[in-house]
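**Student:** Can you read through this structure? Questions will come right after.
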Amino acid sequence: MSAPLHPHLPAPARRTIYTRLVSGLLFPLHERLKRHSSVRVRRQLEQTQYCTPEQLRQLQLERLRRLLLRAASQVPYYRELFATLGFEPQRDLRSLDDLARLPLSDKAVMRSQSARLRADDAGPLARFNTGGSSGEPLVFYIGKERVSHDVGAKWRATRWWAVDIGDPEIVVWGSPIELGAQDRVRAARDAVLRTELLPAFDMSEAKLDGFIASIRRRRPRMVFGYPSALSHIARHAAARGQRLDDLGVRVAFVTSELLYAEQREQISAAFGCPVANGYGGRDAGFIAHQCPEGGMHLTAEDIIVEIIAPDGRPLPAGQSGEIVVTHLASGDYPFIRYRTGDVGTLSDQPCACGRACRCSTTSRAAAPTSWSPPTAP
């Protein structure tokens with residue numbers, strides 16, 4: 001059982017009137033206008049997060065069957081693959097173990113079959129790509145169902161920490177997608193959501209001084225960014241004798257990179273708050289997030305995670321191997337048994353928070369694919 005991440009965990013807080021307005025009305029309206037079902041998804045996830053492991057497996061099996069049935073009838077690549085294998089989802093998928101009968105997918109498959117992976121009945125799709133820092137970027141597509149589930153999963157995890165959409169937030173990020181799209185509509189939306197974006201890849205002394213001034217002016221309830229960027233800001237603040245632990249920050253969310261113990265300590269000490277680690281990728285989705293009790297919880301309702309050996313064999317809990325994901329909300333453009341290239345271990349030990357489905361550790365086998373708040377149209 002994991003120890004708490006911080007000696008002073010955030011107690012349940014009364015949301016301000018403005019935060020209640022944003023999270024209860026304005027953001028749901030924003031999502032409805034974009035034809036996203038994020039609000040419904042988040043509410044469902046908050047109902048299922050305390051299901052037993054067996055209940056979650058049954059939910060996964062039902063959703064997996066629907067995904068594979070749609071793939072068999074609507075996705076050209078999988079229609080041909082299943083026919084070649086003689087695989088019929090309705091007949092052959094009797095347990096989650098049967099998923100291993102299907103071949104693994106990877107970036108090479110996704111590139112070569114890109115057009116044939118789009119479902120015939122898919123609605124509008126948004127184009128995304130991985131960073132490509134470890135090789136050729138992967139271009140892929142995401143439908144509104146997938147966006148809704150990824151937003152809902154991140155929203156649920158955010159609320160574990162007694163913060164919500166509409167609370168003041170500082171985002172230290174460096175993806176060209178986020179930093180290159182600061183048009184008037186995006187700027188207006190961020191202003192309403194009280195989110196301020198700072199460029200993580202511009203860390204000169206003068207910029208860092210400006211970042212600290214921005215953070216102190218914003219007085220955020222939460223900060224979000226790369227562990228390396230937030231720890232760099234923390235060290236610079238300490239060197240300048242500038243306090244950041246008197247602003248009321250309740251949690252620092254980190255993702256995209258391996259979080260080292262030293263970085264966690266630096267960020268926590270600087271901002272006077274716990275550090276919550278998240279794991280995922282633009283391609284793979286919002287896979288796991290830490291709770292205030294220290295457990296790293298899978299988004300099991302949406303994503304089936306397998307750990308595989310170098311020869312492709314699925315490994316049991318407690319053994320380390322490559323992380324393979326099947327995103328159950330990716331019917332428009334399926335990610336089925338998709339190899340992430342990252343290494344991790346599943347855990348069958350309970351967490352003090354009572355939520356099920358944990359991965360005990362994850363690490364990046366190569367340069368990471370970043371996960372950030374989805375902003376697809």
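The values are calculated or read from the model by the stated rules, or taken from the named source; none is laboratory data. A quick note: this is a predicted structure, and the numbers were derived from the prediction, not measured. A quick note on method: Cβ atoms are made from the backbone with ideal geometry, for glycine too, and the neighbour counts reach across all protein chains shown. Surface areas here come from the heavy atoms of the whole protein model, side chains and all, with no ligands, DNA or RNA. Shrake-Rupley method; radii C 1.70, N 1.55, O 1.52, S 1.80 Å.
**Student:** Test Pro368 against the criterion of being part of a loop (DSSP other than H, G, I, E, B), within 17 Å of the chain's Cα centre (by Cα) and either modelled with pLDDT under 75 or closer than 20 Å to Phe253 by Cβ (or both), and give yes or no. Please lay out each step first, then the result.
**Tutor:** On the way: part of a loop (DSSP other than H, G, I, E, B): yes; within 17 Å of the chain's Cα centre (by Cα): yes; either modelled with pLDDT under 75 or closer than 20 Å to Phe253 by Cβ (or both): yes.
Criteria met by Pro368.
**Student:** Shifting gears a bit: Just to be sure before I move on: is Val249 more than 14 Å from the chain's Cα centre (by Cα) and at pLDDT 95 or above in the structure I sent? Reasoning before the result, please.
**Tutor:** Working: more than 14 Å from the chain's Cα centre (by Cα): yes; at pLDDT 95 or above: yes.
Taking the combined requirement at face value, the residue satisfies it.
**Student:** On the basis of being surrounded by fewer than 18 Cβ atoms within 10 Å (Cβ to Cβ) and touching a strand residue (DSSP E or B) at 6+ places or on another chain (Cβ under 7 Å), does Ala276 make the cut? Working first, answer last.
**Tutor:** On the way: surrounded by fewer than 18 Cβ atoms within 10 Å (Cβ to Cβ): no; touching a strand residue (DSSP E or B) at 6+ places or on another chain (Cβ under 7 Å): yes.
No; evaluated as a whole, the condition is false for this residue.
**Student:** Additional query: Could you check how many residues of segment 158-188 are within 18 Å of Ile17 (Cα to Cα) and at pLDDT below 90?
**Tutor:** The qualifying residues number 0.
**Student:** Provide a single number: the residues in segment 260-303 that are under 14 Å from the mean Cα position of the chain (by Cα) and of a type in the set (A, V, I, L, M).
**Tutor:** Looking only at that region, the number is 8.
**Student:** Follow-up. Collect the residues in segment 281-329 that are over 17 Å from Ala157 (Cβ atoms), touching a Lys or Arg at 6+ places or on another chain (Cβ under 7 Å) and among the hydrophobic types (A, V, I, L, M, F, W, C), keeping them in residue-number order.
**Tutor:** Val324, Leu328
**Student:** Find the residue count for segment 225-242, including only residues that are open to solvent by less than 10 Å² (accessible area, probe 1.4 Å) and in contact (Cβ under 8 Å) with a residue 40 or more places away in the chain.
**Tutor:** Going through segment 225-242 one residue at a time, the tally reaches 5.
**Student:** Lys34 passes all but one of (1) exposed (fewer than 13 other Cβ atoms within 10 Å of the Cβ); (2) in contact with a Pro (Cβ under 8 Å, 6 or more places away or on another chain); which number fails?
**Tutor:** (1)
**Student:** Which residue, of Leu64, Leu81, Leu45, Leu69, is touching a strand residue (DSSP E or B) at 6+ places or on another chain (Cβ under 9 Å), within 27 Å of Pro124 (Cβ to Cβ), surrounded by 14 or more Cβ atoms within 10 Å (Cβ to Cβ) and at pLDDT 95 or above?
**Tutor:** Matching residue, one of Leu64, Leu81, Leu45, Leu69: Leu64.
**Student:** Out of segment 243-273, which residues are touching a Phe, Trp or Tyr at 6+ places or on another chain (Cβ under 8 Å) and open to solvent by 40 Å² or more (accessible area, probe 1.4 Å)?
**Tutor:** Asp245, Arg250, Glu257
**Student:** Looking at segment 146-159, I want the residues that are closer than 24 Å to Ala122 by Cα and have a partner that is among the small types (Gly, Ala, Ser) and surrounded by 24 or more Cβ atoms within 10 Å (Cβ to Cβ) with Cβ atoms under 7 Å, at least 6 apart or on another chain. Which pairs are those?
**Tutor:** Once the first residue is closer than 24 Å to Ala122 by Cα and sits in segment 146-159, its partners that are among the small types (Gly, Ala, Ser) and surrounded by 24 or more Cβ atoms within 10 Å (Cβ to Cβ) give Arg146/Ala329; Arg146/Ser330; Ser148/Ser38; His149/Ala329; Asp150/Gly285; Val151/Ser38; Gly152/Ser38.
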